[in-house]
Amino acid sequence: MFGKNKVAALVAEFIGSGVLTLVVVGVQHSTIGVPYFVGVAAALAAAMLVLVFGLASGAVLNPAVTLALWSVRRLKTLPAVAYIVVQLLGAWAAYYLFSYHINTKLSTVGGDFSARVLVAEAVGTAVLGFGWAAAVFGRFTVGTKAVSVGLGYALGIVVASAASIGLINPAIALADRAWTIWGSMGWGTYVLGPVLGALIGVNLYAWLFTDEMRFKLAAARTSGASTTAAKAKAAPAARAKKAPAKKTAAKRK
C-alpha cells in the first residue's frame, strides 16, 4: 500500500516538523527569545530542512502551507491529509522532547480569541505563503527554494510578532501550547490565522504573479495555429486528387 518513497515523505515531514519546532520553541524560551532571533533561527532551520528533505517530501513542515498548496493543486488530497497529521505529531513529539530537556512542562500561552492576533498571524503567514508560492510556481532549485522559504519564515515571524507570539505555523503553535486539540483555546487565532494567511498568500500569488494561464492560452493558440497550418497543407493535396478526375471525365466526353 505504501511504497518506500511515500514512507520517506511522511518520515521527512515528521522529522522536519519536529526539528523546526525544537529550534523555534527553544530560541523562543531562551534569553534571546526576541522576534528577530526567533525569525533568524526559524529561517536557518527551514532552509536546512528544505535542503535535506526537499526532494523527499518538499519539506512543507506547516499544516497551513500544506492546505494552501492543496488548494492550488500542488498537493493531492490524501498526501495533504497525511502530511498534516505527521506534521502535528512531529511537533507534539518535539514538545515532549523539549520538556524533557528543560525538565518542566510548558505552560499554556494562548487564550481567548483576539481579532488582532488572528490578523497578525494571518499577515505573517501570508508573507511565508508568498515565499512558498514563488518557490513552487517558479520551479526553483532546491537551494533557491531553501532561501525563499527561509526568508519567508524570518519576515513572517517578525511581522506577526507585532501583535502575537509570532509562530505562523499551527504545528509549532501546538507544541508551544498556544492551542489545544481538544479545547477551544487558540483555535481562532494560532490555527485559523495561519490557515487563512497561507491560503490568501499562496492563492493571491498564483492568481496575480504566475504565467500558467498565459502558457495555457499560448498553448491553445499554438494548437489552433498548428491545426490551421495542417489544413492549409492538406488543401493542395486534395485539389491535386480532384484534378485528375476532372481530366478523365473530359476525355470520356
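Return the only residue of 154, 126, 134 being assigned to a helix (DSSP H, G or I), farther than 21 Å from residue 210 by Cβ, out of contact with any Asp or Glu (no Cβ under 7 Å at 6 or more places or on another chain) and hydrophobic (A, V, I, L, M, F, W, C).
154
Look through segment 143-194, keep the residues that are of a type in the set (Phe, Trp, Tyr) and more than 14 Å from the chain's Cα centre (by Cα), and return whichever of them is surrounded by the most Cβ atoms within 10 Å (Cβ to Cβ).
Looking at residues that are of a type in the set (Phe, Trp, Tyr) and more than 14 Å from the chain's Cα centre (by Cα), I get 190.
Of the conditions (1) in contact with a Phe, Trp or Tyr (Cβ under 9 Å, 6 or more places away or on another chain); (2) surrounded by fewer than 18 Cβ atoms within 10 Å (Cβ to Cβ); (3) in a loop (DSSP other than H, G, I, E, B), residue 139 fails just one. Which one is it?
All conditions pass for residue 139, except number (1).
For segment 172-194, name all the residues that are touching a Ser or Thr at 6+ places or on another chain (Cβ under 8 Å) and hydroxyl-bearing (Ser, Thr, Tyr).
Within segment 172-194, 180, 189, 190 meet the criteria.
Against the definition (assigned to a helix (DSSP H, G or I) and of a type outside the set (Gly, Ala, Ser)), how does residue 109 come out, yes or no?
Here the answer is no, as residue 109 does not meet what is asked.
List pairs: first in segment 180-193 and on the phi < 0 side of the Ramachandran plot and of a type in the set (A, V, I, L, M, F, W, C), second surrounded by 22 or more Cβ atoms within 10 Å (Cβ to Cβ) and assigned to a loop (DSSP other than H, G, I, E, B), Cβ under 7 Å, 6+ apart or cross-chain?
Filtered contacts from segment 180-193: 185/110; 185/179; 187/179; 191/179.
Of all residues in segment 21-40, which are among the polar types (S, T, N, Q) and modelled with pLDDT of 95 or more?
Listed by number, the list holds a single entry, 21.
Specify which of the listed residues (116, 177) is in a helix (DSSP H, G or I) and among the basic types (Lys, Arg).
Selected residue: 116, the only one of 116, 177 that is in a helix (DSSP H, G or I) and among the basic types (Lys, Arg).
The values are calculated or read from the model by the stated rules, or taken from the named source; none is laboratory data. Keep in mind that this is a model prediction, so the values were computed, not measured. Because the Cβ atoms are built from the backbone with ideal geometry, glycine has one as well, and the counts that use them run over all protein chains shown.
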